[in-house]
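Q: Sharing a structure, written as structure tokens. Questions coming.
The values are calculated or read from the model by the stated rules, or taken from the named source; none is laboratory data. Everything quoted here is computed from the prediction, not taken from an experiment. Quick reminder, even Gly has a Cβ in these numbers, built from the backbone with ideal geometry, and neighbours come from all protein chains shown.
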Amino acid sequence: MQGIQVSGQVPRRTRSKGQRRLTKLQPYLFIAPAMIFYLGFLVYPMLVSLWTSFLDWDGLSANYTFVGLKNYTDFLFHDDVAQTALYNNVLWTLGALTIPTSLGLLMALILNRRMPGTLAFRTIIYAPAVLPLVSVGLIWSWMYNPNFGAINLFLHWVGLGNLAGGWLSSFDMAMPSVFITYVWGSVGLPMILYLAGLQAINGDYYDSARVDGANAVQRFRHVTLPGLRESHVIVLSLAVIGGFKVFDLIYTMTYGGPGRVTQVLGTWMYFQTFQYYHAGYGAAIAWVIASIILVLAIPYIRHMSKE
Amino acid sequence: MKSMLRNLAVLGALVAAPALAQDIRLAGIFDGDGAAKFQTVIDAFQAANPGMTVTMENTAGSGAAMYPDMLRTAMASGDPADAFFMWGGTVAGPFIKAGQVMPLNDVYKQYSWSERFPKWIIDRLGVDGKTYGVPFHGQGMGLFYRKDIFEANGLTVPTTYAEMENVCTVLQAAGIHCATTGGKFGWHVMRLVDWFIETSCGPDVHDGLNALTESWDQPCVVASYQKLADRIAKGRLVPDFLNVSPDDARFAIYQGKAAMILEGPWFEPAITDAGVDPSVYSFFLPPTDHAPDRYSAFPEQWMIAAGSKNPAAAAKFLDYITNAETIKAHPDAFGASATIGITPDCAKLPITCQIVDITQSDRPAYPPTDQAFEKELMDTFFEVQDGIVAGKLTPADCAALMQKQAAAWKAKQG
Amino acid sequence: MQTAPRPRMTAGSWLVLGCMILLSVVWLLPFVSVILTSLRSQGDMMMHGVFTWPEKFLWSNFVKAWSTGGFGIYFKNSLFIIAMKVPLGIALASLAAYPLAKMSFRGRHAIFLFFLIGLAVPVQVALQPLVLMMKALGLSNSLFALLPPYLAFGLPLQILVMRGFFRQIPTELVEAARVDGASEITIFRKIMIPLSVPPLAALFIIDTLATWNEFLLPLVLTSASDSRTVPLGLLQFQGEHSSQYTLLKAGVLISIIPVLIIFLFLQRYFVAGLTAGAVKG
């Protein structure tokens, strides 16, 4: 259907051959400026890193050895930490898909209404995202500090002192604790995207739903949720991407520890590349991360993109 | 037309510039204050050497974790600073191995640096008979303790490991933790483990363990881990410290909840910076019950990049900043200097003075394990250490696991 | 907002309001540590802990943080980068998103998916090639070295978002304009952009923030202090062996002010009915 519009066979004016060719080229001209930057400064470095992933290279010297797929097979079969990291990423992604996204939707729905203080609430919920990450790590290390942290102080204050603990220092609690910080910091983004999405829903749909006698829950299910379809695509794919690329929070809050229980693929790639001087192996991990994301997110985006 | 000519003139000047002036780029990790102090030294150098300009590029950051990343990327891209700050031992190892650092044996002769620095420091900076760095700091580590707490409990500085145990028992009865440590990054707790290994295994075996020529799966290593496990079990260390950063661990000693902390000379100015009273702090080396009675120490150095366009000028600058005259003229810009005969203002920094006297002497020192092991193996060491602290591993398991990983790592190196 | 009837506060609304206030308190708690720490002396914090009331308020921390951190130059650099990068990036992305959403042509899906790949790849692996490229382009160690990679790395998300929202604009509007002989660029300027104010505002907020706080690229691409940005300025307070927490926190508060202002300014475009009305009209 849209093919007809673009080549525009129904214009009132007749067009010359040259004009028609231009019309055909138009979509590509729109895309070209973005594509040039994208190819030059993202795709090219990525291809370099793809090549690196087939090398045994310290990332520093002039010499390297081509090892083919060895880095990838090592990752799959000979790396215990990678298994831990992958497991953590899967759990993290499941959490990221459900908790901050549904909280963000809830916040958007509440704060899209006319209610006193909307501006303040929106700002407060979004505020954590404004902080630089060095600072988020430091703030929450203090919140969780076993000796002077706000959480233990609070627990003692309300008489639940027996629940106070080491949080980030505990093998079992470290990962959930970091995830709570993540939730705190990442409700704002889906909220903003859902808020923007809610503006695009035509108010008439609600009116006709009301006329048809739909109650609030039905209106939410049949008007709001489908209307937010494009927002869902963005929010959920970002959750998957963020879930497998998570790096900064772990790096600043736990450094992968205690032991190696909070290692994720992102930090493991960093440790391998920058600290162990295995640039080839690090690049291979990066491409494992990318492949997982592509395999999970692209079919979903494609499916949702069908008219 | 006129502007074009002017542009040409500017271009000409730019092209001609390198022949006239000598630019030296430095990379380091000074924080805001430190950079300002060091700038006075740079200014003095530039005044004394017309035509030479020195630019300092600093990458600070907690534990300076970002700095090696930056350095490595700059080097691999062929755009390194001429001279750069570096820690000793295995931290510098990959840079040397990759051929990114210039051997300085000739420069050592030219400036007679061999006489300027203590032998142990120069030895630590050497690899296969070549020396790659100029010593900057000699950092000796030991126990900072609260004199007031010791006095209040009738305690004196322990001279044997048994006395040390007694100190902890007395403190614990008084409701004070013996020491505080922060487990994030691993290296702060490592200092304790290193001391336990030196005590249990003695100097020779400890050196063999660091060189991986001794098996880690032996009774003295088990005993070392047992010492850590006992301290945890008895609550001698401020608890739940595994992901507390080393900086945050200091709160406990400032607040008098713990009496000791294992640190180096940098801790003395840190006490003052923290805004607490430095006069109640003193220092001793932890007893190991061995002869020689070694302590943990490491050098910090300046290296010259193999890709430097101006190595001679860089060497000249490094000679200038390690020269006794320069350091005396700028006492605040240098910490525990590695230059023999140079101490900081002993009225202002008495403990640093005391440590520098030790590090500049011939007293033997052992390296902290993180400058003896490469980082990849080091992270196994940290993992094992965390396992003990959390009670997930027994000391015997730890020793066996360390040996297994060390053997695997050694095999991989070929 | 002005034309809307006064909100009617039912019992349910009050309950929701109460919950939101409670949630806000919890949400703000971590900020309390930043504010308390920025306002006290280092000694006071070390002796009494972070979550205690300061003995004395030290407003001078802010002055000191500004000067020790050398924030003047970092602010100028960061603001410059944002002023260049954010509008340009969003313009490029919107241009590319328009045909991807509203035209039919060969390779449409493939191009879209090709852009998405950029979202999946971690930026860390691109660092070294980028440094080499900037050296080849003669941009080493310059503020301008940040601009092209920032643009490139921002595009995938922006294209995903803009394409999504462009798709929601009724195709009839676009078709009608085409029948009227409007050129594609006119349709883009006169229909797509005006009808996409909320997502554009959202992208401006997200992108400003991401750029303002981005840390890795300036770390490796700029080493001279006069071409560095705010996040690196904050490092000045963290030495090798000790940190000036109070100044760091004062610096953090200073550094978030511009982004907060941008947020407060742009969030007013999230007002129910703004676009819906326009489409109807």
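Q: Look at the range B:321-349 and say how many of its residues are part of a helix (DSSP H, G or I) and surrounded by fewer than 18 Cβ atoms within 10 Å (Cβ to Cβ).
A: Here the count works out to 6.
Q: Here are B:215, B:200: which of them is part of a helix (DSSP H, G or I) and either touching a residue at least 12 places away in the same chain (Cβ under 8 Å) or touching a Pro at 6+ places or on another chain (Cβ under 6 Å) (or both)?
A: Of B:215, B:200, the one residue that is part of a helix (DSSP H, G or I) and either touching a residue at least 12 places away in the same chain (Cβ under 8 Å) or touching a Pro at 6+ places or on another chain (Cβ under 6 Å) (or both) is B:200.
Q: Counting residues that are more than 14 Å from chain B (Cβ to nearest Cβ), surrounded by 19 or more Cβ atoms within 10 Å (Cβ to Cβ) and in contact (Cβ under 8 Å) with a residue 12 or more places away in the chain, which helices (runs of 4 or more DSSP H) fully inside the range A:160-212 reach at least 2?
A: A:174-186, A:188-199
Q: If you scan the range B:179-188, which residues turn out to be in contact with a Pro (Cβ under 9 Å, 6 or more places away or on another chain) and of a type outside the set (Gly, Ala, Ser)?
A: Correct list: B:181, B:184, B:185, B:187, B:188.
Q: Let me ask something additional. Can you name every residue in the range A:262-274 that is among the hydrophobic types (A, V, I, L, M, F, W, C) and either in a helix (DSSP H, G or I) or within 9 Å of another protein chain (Cβ to nearest Cβ) (or both)?
A: Across the range A:262-274, the qualifying residues are A:265, A:268, A:269, A:271, A:274.
Q: Still on this model: Considering each of C:57, C:80, C:62, C:114 in turn, give the residue that is modelled with pLDDT of 90 or more and part of a loop (DSSP other than H, G, I, E, B).
A: Just a single option satisfies the conditions, and that option is C:57.
Q: Quick one: is residue B:296 over 27 Å from residue B:372 (Cβ atoms), modelled with pLDDT of 95 or more and touching a Lys or Arg at 6+ places or on another chain (Cβ under 8 Å)?
A: For residue B:296, the condition - over 27 Å from residue B:372 (Cβ atoms), modelled with pLDDT of 95 or more and touching a Lys or Arg at 6+ places or on another chain (Cβ under 8 Å) - is not met.
Q: Any chance you could count how many residues in the range B:256-280 are away from chain C (no Cβ under 11 Å), in contact with a Phe, Trp or Tyr (Cβ under 8 Å, 6 or more places away or on another chain) and outside any strand (DSSP E or B)?
A: 0
Here's the yes/no breakdown for (1) surrounded by fewer than 19 Cβ atoms within 10 Å (Cβ to Cβ); (2) modelled with pLDDT of 90 or more; (3) not β-branched (Val, Ile, Thr):
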position: B:3; (1), (2), (3): yes, no, yes
position: B:12; (1), (2), (3): yes, no, yes
position: B:27; (1), (2), (3): no, yes, yes
position: B:31; (1), (2), (3): no, no, yes
position: B:77; (1), (2), (3): no, no, yes
position: B:82; (1), (2), (3): no, yes, yes
position: B:102; (1), (2), (3): no, yes, yes
position: B:105; (1), (2), (3): yes, yes, yes
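Q: Now for a different question. Mind telling me which of the residues A:75, A:154, A:121 ends up being farther than 30 Å from residue B:248 by Cβ, part of a helix (DSSP H, G or I), of a type in the set (Phe, Trp, Tyr) and without any contact (Cβ under 8 Å) to a residue 24 or more places away in the chain?
A: On inspection, the qualifying residue turns out to be A:121.
Q: Ok, one more. Among A:277, A:281, which is the only one that is touching a Pro at 6+ places or on another chain (Cβ under 7 Å), within 13 Å of chain B (Cβ to nearest Cβ) and buried (at least 23 other Cβ atoms within 10 Å of the Cβ)?
A: Matching residue, one of A:277, A:281: A:277.
Per-residue answers, yes or no, for (1) surrounded by fewer than 24 Cβ atoms within 10 Å (Cβ to Cβ); (2) polar (S, T, N, Q); (3) under 18 Å from residue B:180 (Cβ atoms); (4) in contact with a strand residue (DSSP E or B) (Cβ under 7 Å, 6 or more places away or on another chain):
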site	(1), (2), (3), (4)
B:239	yes, no, yes, no
B:243	no, yes, yes, no
B:256	yes, no, yes, yes
B:261	no, no, yes, yes
B:277	yes, no, yes, no
B:289	yes, no, no, no
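Q: If you check residue C:93 against the conditions, is it at the interface with chain A (Cβ under 9 Å from one of its Cβ atoms), of a type in the set (Gly, Ala, Ser) and part of a helix (DSSP H, G or I)?
A: Against the criterion (at the interface with chain A (Cβ under 9 Å from one of its Cβ atoms), of a type in the set (Gly, Ala, Ser) and part of a helix (DSSP H, G or I)), residue C:93 qualifies.
Q: All but one of (1) surrounded by 16 or more Cβ atoms within 10 Å (Cβ to Cβ); (2) out of contact with any Pro (no Cβ under 6 Å at 6 or more places or on another chain); (3) within 26 Å of residue B:291 (Cα to Cα); (4) among the aliphatic types (A, V, I, L, M) hold for residue B:176; state the number of the condition that does not hold.
A: Just one mismatch for residue B:176, condition (3).
Q: Yes or no: the range C:231-251 includes at least one residue that is within 14 Å of chain B (Cβ to nearest Cβ), at pLDDT 80 or above, part of a helix (DSSP H, G or I) and under 14 Å from residue C:209 (Cα atoms).
A: Taking every residue of the range C:231-251 in turn, at least one turns out to be within 14 Å of chain B (Cβ to nearest Cβ), at pLDDT 80 or above, part of a helix (DSSP H, G or I) and under 14 Å from residue C:209 (Cα atoms).
Q: Scan B:51, B:133, B:89 and give me the residue that is buried (at least 20 other Cβ atoms within 10 Å of the Cβ) and in contact with a Leu (Cβ under 8 Å, 6 or more places away or on another chain).
A: Selected residue: B:133, the only one of B:51, B:133, B:89 that is buried (at least 20 other Cβ atoms within 10 Å of the Cβ) and in contact with a Leu (Cβ under 8 Å, 6 or more places away or on another chain).
Q: If you go through the range B:68-113 one residue at a time, how many are more than 9 Å from chain A (Cβ to nearest Cβ) and over 22 Å from residue B:338 (Cα atoms)?
A: 8
Q: Also, I was wondering about something else. If you check residue C:112 against the conditions, is it more than 7 Å from chain A (Cβ to nearest Cβ), closer than 23 Å to residue A:23 by Cα and either in contact (Cβ under 8 Å) with a residue 40 or more places away in the chain or not aliphatic (A, V, I, L, M) (or both)?
A: The answer is yes for residue C:112.
Q: Tell me which of these residue C:207 doesn't satisfy, since it passes every other one: (1) acidic (Asp, Glu); (2) away from chain A (no Cβ under 11 Å); (3) touching a Pro at 6+ places or on another chain (Cβ under 9 Å).
A: (3)
Q: Confirm whether residue B:234 is basic (Lys, Arg), within 23 Å of residue B:396 (Cα to Cα) and touching a residue at least 24 places away in the same chain (Cβ under 8 Å).
A: Answer is yes for this residue.
Yes/no per residue for (1) over 30 Å from residue A:188 (Cα atoms); (2) buried (at least 20 other Cβ atoms within 10 Å of the Cβ); (3) without any contact (Cβ under 8 Å) to a residue 40 or more places away in the chain:
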site: A:42; (1), (2), (3): no, yes, yes
site: A:48; (1), (2), (3): yes, no, yes
site: A:79; (1), (2), (3): yes, no, yes
site: A:85; (1), (2), (3): no, yes, no
site: A:106; (1), (2), (3): no, no, yes
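Q: For the range A:124-151, how many residues are within 14 Å of chain B (Cβ to nearest Cβ) and not in a helix (DSSP H, G or I)?
A: Going through the range A:124-151 one residue at a time, the tally reaches 7.
Q: Continuing with this model, one more query. What do you reckon, is residue A:251 within 25 Å of the chain's Cα centre (by Cα), more than 29 Å from residue A:303 (Cβ to Cβ) and without any contact (Cβ under 8 Å) to a residue 40 or more places away in the chain?
A: Judged against the criteria, residue A:251 is not a match.
Q: Going through the range B:305-320 one residue at a time, which ones are in contact with a Phe, Trp or Tyr (Cβ under 8 Å, 6 or more places away or on another chain) and either buried (at least 21 other Cβ atoms within 10 Å of the Cβ) or part of a loop (DSSP other than H, G, I, E, B) (or both)?
A: Answer for the range B:305-320, where residues must be in contact with a Phe, Trp or Tyr (Cβ under 8 Å, 6 or more places away or on another chain) and either buried (at least 21 other Cβ atoms within 10 Å of the Cβ) or part of a loop (DSSP other than H, G, I, E, B) (or both): B:305, B:315, B:317, B:318.
Q: If the requirement is being out of contact with any Asp or Glu (no Cβ under 9 Å at 6 or more places or on another chain) and not aliphatic (A, V, I, L, M), which of these qualifies: B:398, B:353?
A: Answer to the selection: B:398.
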